[in-house]
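Trainee: Submitted below is the structure of interest, expressed as structure tokens.
The values are calculated or read from the model by the stated rules, or taken from the named source; none is laboratory data. The structure presented is a predicted model; accordingly, all values stated were derived computationally and were not measured. When we count neighbours, we look across all protein chains shown, and the Cβ atoms used for this are built from the backbone with ideal geometry, even at glycine.
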């Protein structure tokens, strides 16, 4: 059965552990080195000699929950066991974990663990149940605490609501076209249960009816599944577009406590960005090139050059600037020349891992930016937090600003939008449309407040920005979002006013909006905009727009980050207010290496 269960943080401090037997070696140290240090987090199980390790991570507190058992043991529900221990531990010691006082705190978790391990052992002594019964076993047995009726209710609600949301996603896809296509695919031919029914019986049994929703889109955590009424036809609504946006916000914004909303990381489930339409062709060049290298112990320049040449071609096809590709491949080459290859190590894996590691280093920011925390700090100082959006003509600054505004509104903040693009015809009217739409959404949601500050065309943008900040402070707005004029990065006359804007008004954050389609030209754009702010101030981050138009050809994010060393904060992946994501480095590397 189990050999060891341990809970430790990412700094290596063991908070609690239970040993069931003596290990012949320190498998946890090997596990940390091979999985976390070598960045092999995609694996779901770690096996070393006769032992196996499974784990789960609490990102909120930076904790790792790991269980060690004999690899030949036929254990069931190990993942569920880990998840429930994690939930129980984090719930019991929530306040202590937030303080991160791991040295002085004694986590008395033995009695709680004893209850859970008894339940786990009881499950593994029974015959493996069917899938249907497995659901019941997990739901009934894995509550937070056996002795706590309140915790049982919490666990029951958690499982029940998870099932409700999964049902909602399945029955009501966001895109109506996709819904229709799915219906047409579910024919009698593909469904043996339907094939025995007549056409009339099939239509009668599968007649769709619409759900009736409550006015508020956020579902109360105490609602039961049977409160969903499938029998009542909904009335036609004049705010159907708003409903669609609010439904999308549930998918695209995550909330940890129902109050603070976070923008989700981008992943493979985002339509149009995952390259689903690309034809999957085998990488035969990889197989052919490495066939003669597999048994080599030391890599030489002549041996790795053919592979690096092909790798360079791959990166160029991903729209990474040529100068950046040359530098990346040179870095990989220097890391691999003279490298000793272990007996059971695949050279293909080593070269691929080295390239992935190099790309991760480029894309991983040196420091994180927590806008919500910085805004809270600014509110404590009784001043508005200011964010300016700069960029080339037509990259989507106004749309990106509106997406950020919607996210901030969801966090119940008061937003003032400053229309400082006083040259482009229609710029102010475009912002007026966005602000009007967002006002309607915020009023219906009863969250936040948004207002437009504009003084017409032809005025000095710096004066308007200054007046908007003074107005925001007087009216107690939390955030000022400043929209600036689009400008050519190689025109010094147009770029020079930027330095005055960000230095005179002491803007908290300056984000450049760059489009994913820019290609190699994005490098010069990024450098010129960064330099235009002056030697005292640099860009704080990039927001890459129109990412949904390039599939997996996302090399722009590598070029722009390598050229400036400035991180990518958000990614725009569509036209609605909820189509914004945080960059996932692992996702980006996967797309680049695909």
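Residue-by-condition table, conditions (1) assigned to a helix (DSSP H, G or I); (2) without any contact (Cβ under 8 Å) to a residue 40 or more places away in the chain; (3) in contact with a helix residue (DSSP H, G or I) (Cβ under 6 Å, 6 or more places away or on another chain):
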| position | (1), (2), (3) |
| --- | --- |
| 357 | yes, no, no |
| 361 | yes, yes, no |
| 368 | no, yes, no |
| 387 | no, no, no |
| 403 | yes, no, no |
| 417 | no, no, yes |
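Trainee: Would it be correct to say that residue 343 is outside any loop (DSSP other than H, G, I, E, B) and at pLDDT below 85?
Mentor: So residue 343 fails the test.
Trainee: While we're looking at this one, here's another question. Tell me, please, whether a residue that is surrounded by fewer than 20 Cβ atoms within 10 Å (Cβ to Cβ), out of contact with any helix residue (DSSP H, G or I) (no Cβ under 7 Å at 6 or more places or on another chain) and in a helix (DSSP H, G or I) can be found in the stretch 473-480.
Mentor: Checked the stretch 473-480: at least one residue is surrounded by fewer than 20 Cβ atoms within 10 Å (Cβ to Cβ), out of contact with any helix residue (DSSP H, G or I) (no Cβ under 7 Å at 6 or more places or on another chain) and in a helix (DSSP H, G or I).
Trainee: Looking at this structure, is residue 470 surrounded by fewer than 16 Cβ atoms within 10 Å (Cβ to Cβ) and either modelled with pLDDT under 90 or under 26 Å from residue 532 (Cβ atoms) (or both)?
Mentor: yes
Trainee: Considering only the stretch 562-582, how many residues are more than 16 Å from the chain's Cα centre (by Cα) and farther than 16 Å from residue 361 by Cα?
Mentor: Summing the residues that are more than 16 Å from the chain's Cα centre (by Cα) and farther than 16 Å from residue 361 by Cα in the stretch 562-582 gives 3.
Trainee: Same structure, new question: Do you know which of the residues in the stretch 506-527 that are in contact with a strand residue (DSSP E or B) (Cβ under 7 Å, 6 or more places away or on another chain) and either closer than 28 Å to residue 377 by Cα or not assigned by the TED database to the domain that holds residue 541 (or both) is surrounded by the fewest Cβ atoms within 10 Å (Cβ to Cβ)?
Mentor: Within the stretch 506-527, the match that is surrounded by the fewest Cβ atoms within 10 Å (Cβ to Cβ) is 509.
Trainee: Same structure again: Across the stretch 533-551, what is the total count of residues that are surrounded by fewer than 20 Cβ atoms within 10 Å (Cβ to Cβ) and assigned to a helix (DSSP H, G or I)?
Mentor: Residues that pass the stated criteria total 2.
Trainee: Assess whether residue 554 counts as being assigned by the TED database to the domain that holds residue 516, part of a loop (DSSP other than H, G, I, E, B), touching a strand residue (DSSP E or B) at 6+ places or on another chain (Cβ under 7 Å) and farther than 15 Å from residue 396 by Cβ.
Mentor: Considered against the rule, which asks whether it is assigned by the TED database to the domain that holds residue 516, part of a loop (DSSP other than H, G, I, E, B), touching a strand residue (DSSP E or B) at 6+ places or on another chain (Cβ under 7 Å) and farther than 15 Å from residue 396 by Cβ, residue 554 comes out as no.
Trainee: Looking at the stretch 45-87, what strands (runs of 3 or more DSSP E) fall wholly within it and have at least 1 residues that are modelled with pLDDT under 85 and at negative phi?
Mentor: 46-48
Trainee: Looking only at the stretch 6-28, which residues are touching a residue at least 40 places away in the same chain (Cβ under 8 Å) and either over 34 Å from the mean Cα position of the chain (by Cα) or not assigned by the TED database to the domain that holds residue 82 (or both)?
Mentor: 23
Trainee: For residue 501, only one of the following conditions fails: (1) closer than 24 Å to residue 321 by Cα; (2) not in a loop (DSSP other than H, G, I, E, B). What is its number?
Mentor: (1)
Trainee: Here is a further query. Examine the stretch 12-19 for a residue that is touching a strand residue (DSSP E or B) at 6+ places or on another chain (Cβ under 6 Å), under 30 Å from residue 350 (Cβ atoms) and crowded, with 16+ Cβ neighbours inside 10 Å, and state whether such a residue exists.
Mentor: no
Trainee: Answer yes or no as to whether residue 379 is touching a strand residue (DSSP E or B) at 6+ places or on another chain (Cβ under 9 Å) and part of a helix (DSSP H, G or I).
Mentor: Yes: the conditions hold for residue 379.
Trainee: Got a number for residues in the stretch 22-42 being in a loop (DSSP other than H, G, I, E, B), surrounded by fewer than 11 Cβ atoms within 10 Å (Cβ to Cβ) and either in contact with a strand residue (DSSP E or B) (Cβ under 6 Å, 6 or more places away or on another chain) or modelled with pLDDT of 75 or more (or both)? First the steps, then the outcome.
Mentor: Taking the stretch 22-42 first, the residues in a loop (DSSP other than H, G, I, E, B) are 22-26, 38-42.
Add one more test, that the residue is surrounded by fewer than 11 Cβ atoms within 10 Å (Cβ to Cβ), and what stays is 22, 24-26, 42.
With either in contact with a strand residue (DSSP E or B) (Cβ under 6 Å, 6 or more places away or on another chain) or modelled with pLDDT of 75 or more (or both) added as a condition, the list becomes 22, 26.
Of the residues in that region, 2 qualify.
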